[in-house]
Amino acid sequence: MNENLQKEIDKAKIFSEVKLAGEIDLELPKSASFYVGNNFSKSLVTVTKQNITLDFSEAIVRARVTDSLDTDLNIFFVSSMAKNVEIKHLKMFIYLESAVTGRQIVGIYNTSYGLKLNNCYIEVVSENQSNLVGVFNNGNLDTHMETRADNLVIANSHIKVQVVQLKIKN
């Protein structure tokens, strides 16, 4: 399903709205890694188009991770090329059944200017100790001037991140 969602986003025209619908089940890719600092990360969905709106009002996004992670994982990666993107009505549920890891698992990893999250529900739940992040806003610059990830707006949204051990270990 990753490919279909990615194609819908990639074919968006500037200043357009992409309406998504239905159950969107994302799967962990075998490759598709990129560098963040000195670390490799995998992303399930990458947004590179600027001035678009992604409307998830008729969709539910789910990702279940059962395999061990060999890299950091971003469910959505908003690239620095994707200025002024709005994501609205996103209902995203990320569930991790993988082993204990020091890898970072992120719901939305943002490096773009002017990202707006409006009326979003993001839930990240792990059965084991993990480095979990709901929304990571990374400007990656230490300067008194504006950085590439400035002007992040999160409005009317709920972000829930937790580790809940469901299985009793002997």
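The values are calculated or read from the model by the stated rules, or taken from the named source; none is laboratory data. Here the structure is a predicted model, which means the values were calculated and not measured. In this analysis, Cβ positions are derived from the backbone assuming ideal geometry, glycine residues included, and neighbour counts consider all displayed protein chains. Areas reflect the complete protein model, heavy atoms only, side chains present, ligands, DNA and RNA absent. Shrake-Rupley method; radii C 1.70, N 1.55, O 1.52, S 1.80 Å.
Things worth noting here:
- Asn151 vs. criteria open to solvent by 70 Å² or more (accessible area, probe 1.4 Å), assigned to a loop (DSSP other than H, G, I, E, B) and modelled with pLDDT under 95: yes
- Among the residues of region 19-39, those that are at pLDDT 75 or above and within 17 Å of the chain's Cα centre (by Cα) comprise Leu20, Glu23, Ile24, Asp25, Leu26, Glu27, Leu28.
- Check on Val164, at pLDDT 80 or above, touching an Asp or Glu at 6+ places or on another chain (Cβ under 8 Å), under 14 Å from Ile94 (Cα atoms) and open to solvent by less than 70 Å² (accessible area, probe 1.4 Å): yes
- Any hit, region 106-118, residues being outside any strand (DSSP E or B), at pLDDT 95 or above and in contact with a Ser or Thr (Cβ under 7 Å, 6 or more places away or on another chain): no
- Checking region 32-44 against the condition returns a match, with at least one residue being open to solvent by 50 Å² or more (accessible area, probe 1.4 Å), of a type in the set (Ser, Thr, Tyr) and either free of Cβ contacts under 8 Å to residues at least 12 places away in the same chain or on the phi > 0 side of the Ramachandran plot (or both).
- For region 80-91, the set of residues classified as touching a strand residue (DSSP E or B) at 6+ places or on another chain (Cβ under 8 Å) and over 18 Å from Val153 (Cβ atoms) consists of Lys91 only.
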